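Enquirer: Shown below is the structure under consideration.
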Amino acid sequence: MFLLNTKFDEFDWTMSGWGALLDLAVAHGWRPAGTISRTSVRTSSRPWPFDRVLKRWRGGYDSNDAQIVTTQDARALAVALERSLRHIPDKPIKTAPEEKDPHLLLSGRATKNDIRLFITFCRRGAFQIR
């Protein structure tokens with residue numbers, strides 16, 4: 001997933017890494033507020049295709065439709081991820097393909113450092129998932 005904030009900072013996660021990261025945040029208290037469809041931030045008055053997409057939008061985080069994570073939600077995500085760091089093993093743990101524990105999936109110092117960098121990214125405010 002390619003993430004871009006309003007300051008044009010960028011961050012990348014693999015699809016599986018992004019999913020594990022969101023699961024990790026939920027496990028540590030993040031309550032997803034839901035994303036905002038990029039079409040809800042109107043720059044045009046053309047009603048039809050935008051309204052149609054907007055009515056179907058479910059607020060998901062698991063696609064790259066340029067949906068927006070709000071500043072408040074991004075900062076709440078950062079708080080939860082900060083809490084999670086002490087629960088993630090420093091040594092990488094090889095996991096079975098069916099493993100679902102995000103603490104194990106995101107184990108290792110390098111990945112923990114990526115999470116720390118992402119926390120800083122989230123604290124800077126709203127971002128798009130592209």
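The values are calculated or read from the model by the stated rules, or taken from the named source; none is laboratory data. Keep in mind the model is a prediction, meaning the values are calculated, not measured. Methodologically, a virtual Cβ is constructed for each residue, glycine included, from the backbone with ideal geometry; neighbour enumeration extends over all protein chains shown.
Enquirer: Among the helices (runs of 4 or more DSSP H) contained in the stretch 31-130, which hold 3 or more residues that are modelled with pLDDT under 95 and surrounded by 11 or more Cβ atoms within 10 Å (Cβ to Cβ)? Full working, then the answer.
Expert: Working: elements: 48-56, 71-84, 102-105, 109-123.
Filter on the stretch 31-130 gives 48-56.
Enquirer: Quick check, is ILE68 in contact with a strand residue (DSSP E or B) (Cβ under 6 Å, 6 or more places away or on another chain), closer than 22 Å to THR120 by Cα and of a type in the set (A, V, I, L, M, F, W, C)? Spell out the reasoning first.
Expert: Working: in contact with a strand residue (DSSP E or B) (Cβ under 6 Å, 6 or more places away or on another chain): yes; closer than 22 Å to THR120 by Cα: yes; of a type in the set (A, V, I, L, M, F, W, C): yes.
Spelling it out, ILE68 is indeed in contact with a strand residue (DSSP E or B) (Cβ under 6 Å, 6 or more places away or on another chain), closer than 22 Å to THR120 by Cα and of a type in the set (A, V, I, L, M, F, W, C).
Enquirer: Let me ask something else about it. Is there a residue being under 12 Å from the mean Cα position of the chain (by Cα), modelled with pLDDT of 85 or more and more than 18 Å from THR111 (Cβ to Cβ) anywhere in the stretch 7-27? Spell out the reasoning first.
Expert: To start, the set of residues in the stretch 7-27 that are under 12 Å from the mean Cα position of the chain (by Cα) comprises 11-26.
Retained after the next criterion (residues that are modelled with pLDDT of 85 or more): 11-26.
Next cut, more than 18 Å from THR111 (Cβ to Cβ) only: none.
Checking the stretch 7-27: not a single residue is under 12 Å from the mean Cα position of the chain (by Cα), modelled with pLDDT of 85 or more and more than 18 Å from THR111 (Cβ to Cβ).
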